[in-house]
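Heads up: the structure comes next, in structure tokens.
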Amino acid sequence: MLRPRAVIFDLGGTLVDWPDWDEDVQRRWSISYDYLTARLPNHRWPDRAAYVQAMREAELAHWQQVAEKHWSGPPSGLLSDGFRRLGRHVDEIELLTALDGYAQAVNGWAVVFPDARETLQLLRARSYRLGLLSNTWWAAEWHNADLAAHGLDKLIDELAYTSDLPHSKPHPSVFLELASRLDVELEACVMVGDRMVDDISGALALGMRAVWKKNDYPWPRPEHIVPTATITHLAELPALLRTWGGA
């Protein structure tokens with residue numbers, strides 16, 4: 001294989017974490033509801049519990065589509081589905097207001113892994129091209145705000161969020177898209193992620209090296225998927241790349 005010249009990182013579970021993801025769902029959608037009803041109070045909204053349930057169902061349906069069809073879609077699509085479950089057809093202002101409320105809920109929530117910034121800085125100093133490829137329904141600006149708040153935005157050359165793309169990992173098109181943006185051959189790209197199916201299998205299928213970041217998340221780990229290497233901490237990555245002839 002070619003020597004590594006680019007490293008592509010997953011986001012959640014790899015560079016950053018969102019604590020208590022499932023346990024926090026009630027808070028996130030409740031904030032979206034409160035924001036919506038405070039700014040548009042005379043629209044005969046359903047009660048908060050019904051709104052939270054409908055949006056959570058829409059969110060789960062989105063992720064089911066991702067898992068089964070490697071499909072993706074924008075945040076407006078998910079909330080539109082949630083409103084349909086409530087029997088409501090909303091206009092653009094109502095939809096954007098609900099989205100703004102959700103953005104308020106997730107602002108500042110992400111926690112960066114302790115060695116993420118230092119690792120990115122070191123790889124950048126060694127002239128690696130750095131990319132980010134994240135399966136997400138969130139708007140790109142929400143993620144970018146998190147990266148900027150922690151000083152990671154200027155360390156990554158290319159950012160790709162599947163909310164802006166028609167497919168999600170492990171669909172080959174999303175890996176091809178980012179490799180093209182980085183202008184690096186697939187065999188010279190290394191994917192780093194915490195999910196065996198989305199990150200590791202998708203990268204391996206295209207001839208990329210794939211590094212699994214070991215974790216105890218409840219993601220599927222099919223036995224037939226074997227990563228090129230396994231790390232526990234991102235700080236292990238620069239030395240690993242050198243064993244493959246990297247800078």
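The values are calculated or read from the model by the stated rules, or taken from the named source; none is laboratory data. Since we're looking at a predicted model, the values are computed, not measured. Don't worry about glycine lacking a Cβ; one is built from the backbone with ideal geometry, like all the others, and counts go over all protein chains shown. For accessibility, only protein heavy atoms count, side chains too; no ligands or nucleic acids. Shrake-Rupley method; radii C 1.70, N 1.55, O 1.52, S 1.80 Å.
Among beta bridges from DSSP that stay inside the chain, the antiparallel ones total about 15%.
Qualifying trypsin sites (Lys or Arg not before Pro) in the range 1-53, where qualification requires a DSSP coil assignment and no more than 13 other C-beta atoms within 10 Å, comprise 44. Annotation: the range 37-108 has a Kirkwood hydrodynamic radius of 12.9 angstrom, from the mean reciprocal C-alpha pair distance.
The peptide list 56-65, 221-230, 202-211, 186-195, put in order of mean Cβ contacts within 10 Å with the highest first, becomes 186-195, 202-211, 56-65, 221-230. Computed over protein heavy atoms with a 1.4 angstrom probe, the accessible surface ordering of 8, 93, largest first, is 93, 8. Could you tell me whether the range 121-247 comes out rounded, prolate or oblate from its Cα gyration tensor? Rule is a ≥ b ≥ c as square roots of the eigenvalues, rounded for a/c under 1.5, then prolate if a/b exceeds b/c, otherwise oblate. It is rounded, given that a/c, with a ≥ b ≥ c, falls under 1.5. For residue 154, the lysines whose Cα comes closer than 28 Å to its Cα, not counting residues fewer than 8 places off in the same chain, are 169, 213, 214. Based on the reciprocal of the average 1/r between different C-alpha atoms, the Kirkwood radius for the chain equals 18.9 Å.
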